[in-house]
Each structure stands twice: as structure tokens, then as C-alpha cells.
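The values are calculated or read from the model by the stated rules, or taken from the named source; none is laboratory data. Remember, predicted model here, so these are calculated numbers, not experimental data. Cβ sites come from the backbone with ideal geometry, for glycine too, and all protein chains shown count toward neighbours.
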Amino acid sequence: MANTKIDRVPVREQDPKVRATNFDEVCYGYNKEEAMLEASRCLNCRRPGCMLACPVSVKIPAFIEKVAAGDFEGAGRIIAMDSSLPAICGRVCPQESQCEGSCVLNLKGQPVAIGKLERFVADWSRENGISYNDKEASNGMKVAVVGSGPAGLACASDLAKWGYDVTIFESLHKPGGVLQYGIPEFRLPKDKVVGSEISKLKELGIKIETNVIVGRTITIEQLMGEEGFSAVFIGSGAGLPKFMNIPGESLNGVFSANEFLTRNNLMKAYSAESDTPIYAGHKAVVVGGGNVAMDAARTALRLGAEVTIVYRRTEQELPARAEEVHHAKEEGIAFRMLSNPVEILGDEKGWVRAIRCQEMELGVPDASGRRSPVAVEGSYFDIETDVVIMSLGTSPNPLIAGTTPGLEVDRRGCIVASADGATSKEYVYAGGDAVTGAATVILAMGAGRKAARAIDEKLKK
Ligand SMILES: Cc1cc2nc3c(=O)[nH]c(=O)nc-3n(C[C@H](O)[C@H](O)[C@H](O)COP(=O)(O)OP(=O)(O)OC[C@H]3O[C@@H](n4cnc5c(N)ncnc54)[C@H](O)[C@@H]3O)c2cc1C
Ligand code: SF4
């Protein structure tokens, strides 16, 4: 019987004033008692909306039932059927618009904390040294995966479980994609969580070759030719940052969010032991309103800057997760809404000194369904700042498309692929941000898994 009398169990977090000065994880997660109590709220619906809204169809009520009964290993086994990165998804998935957004308890109050329960089960499994990797015997076929982000890892994991000999080729020196270089330590610990989930995948026999740029070090044609791979999955993401093309963008102190975050996360610039330099200034302005903007702003704050986010619509249209906006506000980040930069102003030495913006108002909805920002004539104002971090979205790097004859891309540079990841080139599949443009971890994982299924069907014909 579900415990309908209690409210959602709150999760413990670091105090906002303290965490604004360190890079430790913000959320502590549930302990056993809290997890079991929260799990007891689930009604175990016969037609669970939560599960229908999960892009990889995790058997949510079934794993929550196990948590409620204190069978955490059983819960982990159920999650592992559909997700190879649960400690990561439990931390960064936009649950409010997916599983939790479709939980029936929304009708009367707050949904079951599905993400926090998934995280609890994954962390408990890791801390107790339990792995759920069951593997079939080798079938002797080799598959190459380009990129070690969630799309590549999910594809590799399924194929390795089915007996394929899988090698991932990654251009950076550490695997994980955005999980490693983009999302900050205080949201997603690198060694404890990302590194450990990847080590579990390596136990399946997956080989990861880092520092290999496909399209430069080796081409896809060579992988499928002399290297003897029967198929290739491209999960190379969308790592190319966009800029506004306004005057002053080449001044010292202007960064793309990608560069700023990579210096901090991958190269650990925030640590005294790192050689990588970083400059957040006394004041920093972050332009944009997505998860990436929140991450850049909260990172600059931890590096000692006073931070303002400039966004051209209102808070209602912010694309970032509600939890990230809430955390950013708690930590003291200022939001300047309905404002659009028109110029970055420099001093005589070529460093940023201010950003000039124009006020906006909302007009009619655009193609995205959101009301479009319209400039208010003559309403310019300056914000003094030492640093400007542009967080305006990213697109796929053109390298792979440019070096793979016959691989079709669309006008945004995204690889054209069918629902199961098949591209215009036989035996070459693609998925994740490289196909959709910047999206989410779980959608990338879902695409990787669909492509794995399609590759298996194709190679076993
Ligand atoms: C700062 C930031 C915060 C985010 N926050 C969230 C969040 O909270 N929740 C969420 O769901 N999503 C979030 N996202 C989005 C999410 O991380 C991405 O949608 C997801 O990582 C895409 O996965 P992917 O595997 O397609 O690509 P990626 O994670 O980008 O991985 C691609 C990998 O391919 C490698 N690669 C690229 N080209 C080559 C090549 N030629 N040869 C070899 N390797 C190559 C790259 O180095 C990279 O490691 C965030 C993104 C960013 C940037
Ligand atoms: S919709 Fe909510 S209450 Fe129903 S099974 Fe899913 S988590 Fe449980």
C-alpha cells in the first residue's frame, strides 16, 4: 500500500553560502531511510505515466517498489536493463519535464522524486561494489564508436553486452564527452561518478582509445577498411560554440561557455595543482539562459566573480532546468531579463570593461512556440564587467562530415540519420547531439541504444 499521507521527502544539499565558494557536489542525495520513505509514496500505477515519459523506458514503478522494500540490488538490476549510466541520469536528467512531469501524483501535490531515487540506487550499488554487467559470448565482430559521450557509451555498452568487440575513439584525453568537460564537478563529480560509471563499462571489455581525432588521426573509411570494423557509430556531439557576431567579441576576457567550462572541468583550472589558467574577473556577465549558461555562471561565481546572467526573454522562457535556476539564484547570481547584448566595450589595453545591452519586450510566438524578443528602440544600457561568457548554443564540428565521402549532413551541419540511427552511408550509424544538435544526456543515450539495436540487426543478417 502506498503511503499517501506524506509529502515528498526533501533532499539534503550544501548550504548555498558555503557551496558558492567550493566545487563540491551541491546535492547530497538520499540516505537509505529517506529513499525507502520516498519510494513508499509511489502508487505503482498500472499504466505508469512516468515510464511512458522516460526516453529509455526505465521500468520506474518496478525499481521503486524494490527500493520501498529495501531491496536496492534488485532495484539496480531493474534499472540496468534500460540505462547504463544511472548515477549520471539521476543527477542531470530534466526529470521535471520527463518522468516526474508525468507522475500521477502531480494531480494532488508533488511527484515521486524518481531522479533522486535512481541516483540513490546507483550510488548505493557503486559504494557496495555491485555491478550488473551480464555479457554474451564473443561473436567475433568489431564495431567502432566515435566519441565517448552518453550516445557513444550507451551504444558501446549494449553492443559489448551482445558479444561485439567494441572500440571507442575519443579526441580528448579523458572519456565522457560533455559529462567530463562540460557539466561542472559540483553537479556531476568526475572521478566518483563519471569515472566510475565508465570503469564499469570497461569491465564489459570495451576499449577506449583517447587522443584520437577521427577525421584527422584516422578516417571512418580507414576504420571500416584496413582496421576491419564491420560498422561505425558516430556520437561526436555538438561541441562547436556559437557567437553573437557583435563588435568587441575578440576582446580579452570574452570566452565561449565551452572553453570556460572545459578549462575548469577537464583541465581542473579551479584547482591550485592545475597548470591551466582561468580568468573569471571581479565581475562576469554570462549571455544565455540554458543549462550551459547556469553552469558557466555558477562556475564563475565559485572562482570569485560577481555574476550576472543576461537573457533576452523572461524567466518563464528560460530553457535551463528549474532546479539549476533555483540553485543559481540561491547562490546569489543576478538575472537581467529581457536584455540583449549589442556590443562589448574594451579598455585601452584590449580587455573587456563593459557590455552594452538593449532592452527587449516579448512579441508573437516564434517557431519554438516561445514569444520572440523584440528590441525596444533607444533603450541601451551598459553593465560593467571584466569577463563575458557567451552561452548561445553549439553545433556539430564539421570535421567528420568533411572527411567522410557520402555522409549526408543538413544545413546546420547535423548528420542526417533515420530514427534507428542509419545514415546515408551503409554500416555507418549516428546519434546524440551530432544528429539532433545540442539536446540532453538521456536523448543521446536513447539514440545510442537504438543505433546499437539497428547495428546488431544489420550485422546479424
Ligand atoms: C555545460 C553543459 C551542461 C549540460 N547540462 C545538461 C543537463 O543538466 N542535463 C542534460 O540532460 N543535458 C545536459 N547537457 C547536454 C548533454 O550533455 C548533451 O546533450 C549530451 O552530452 C550529448 O551527448 P553526445 O554523446 O551526443 O555528445 P557529447 O557528450 O558531446 O560527446 C561527444 C564526444 O565525441 C568526441 N568527439 C567529437 N569529435 C570527435 C572526433 N572527430 N573524433 C573523436 N572524438 C570526437 C568529443 O570530444 C566528445 O567527448 C549539457 C551540456 C553542456 C555543454
Ligand atoms: S506515475 Fe508516479 S506514482 Fe505512478 S508509478 Fe510512476 S512514479 Fe509511481
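One residue stands out in the range 418-436 among those that are part of a loop (DSSP other than H, G, I, E, B) and within 9 Å of ligand 1 (Cβ to nearest atom): the one that is nearest to Glu96 (Cα to Cα), namely Gly432.
Do the conditions hold for Tyr429, that is, is it aromatic (Phe, Trp, Tyr) and either within 16 Å of ligand 2 (Cβ to nearest atom) or within 30 Å of Met81 (Cα to Cα) (or both)?
Yes; evaluated as a whole, the condition is true for this residue.
Among the residues examined, Arg453 qualifies as part of a helix (DSSP H, G or I), surrounded by fewer than 21 Cβ atoms within 10 Å (Cβ to Cβ) and not assigned by TED's automatic domain parsing to the domain that holds Glu96. Of the residues making up the range 310-354, those that are among the aliphatic types (A, V, I, L, M), under 22 Å from Tyr380 (Cα atoms) and in contact (Cβ under 8 Å) with a residue 60 or more places away in the chain are Val310, Val342, Ile344, Leu345, Val352.
Say whether the condition of being in a strand (DSSP E or B), acidic (Asp, Glu) and free of Cβ contacts under 8 Å to residues at least 40 places away in the same chain is met by at least one residue in the range 379-397. Looking for residues that are in a strand (DSSP E or B), acidic (Asp, Glu) and free of Cβ contacts under 8 Å to residues at least 40 places away in the same chain, one finds at least one in the range 379-397, hence yes. Can you tell me which residue within the range 225-237, out of those that are in contact with a Phe, Trp or Tyr (Cβ under 8 Å, 6 or more places away or on another chain) and within 13 Å of Thr403 (Cβ to Cβ), is surrounded by the most Cβ atoms within 10 Å (Cβ to Cβ)? Going through the qualifying residues, I end up with Ile234. Does the range 274-287 contain any residue that is surrounded by 22 or more Cβ atoms within 10 Å (Cβ to Cβ), closer than 30 Å to Val166 by Cα and not charged (D, E, K, R)? Checked the range 274-287: no residue is surrounded by 22 or more Cβ atoms within 10 Å (Cβ to Cβ), closer than 30 Å to Val166 by Cα and not charged (D, E, K, R).
Of the helices (runs of 4 or more DSSP H) lying entirely inside the range 126-214, those containing at least 2 residues that are near ligand 1 (Cβ under 9 Å from one of its atoms) and outside the structural domain of Arg91 (by TED's automatic domain parsing) span 150-161, 178-181.
With respect to the conditions (1) assigned to a helix (DSSP H, G or I); (2) modelled with pLDDT under 95, Gly369 lacks only one, and its number is (1). Scanning the range 251-301 for residues that are within 16 Å of ligand 1 (Cβ to nearest atom) and of a type in the set (Ser, Thr, Tyr) yields Ser256, Thr262, Tyr270, Thr299. For beta carbons closer than 6 Å, sequence separation of 6+ or different chains, a first residue in the range 355-371 that is more than 21 Å from Glu343 (Cα to Cα) and a second that is of a type in the set (S, T, N, Q), the qualifying pairs are Gly363/Ser372; Asp366/Ser372.
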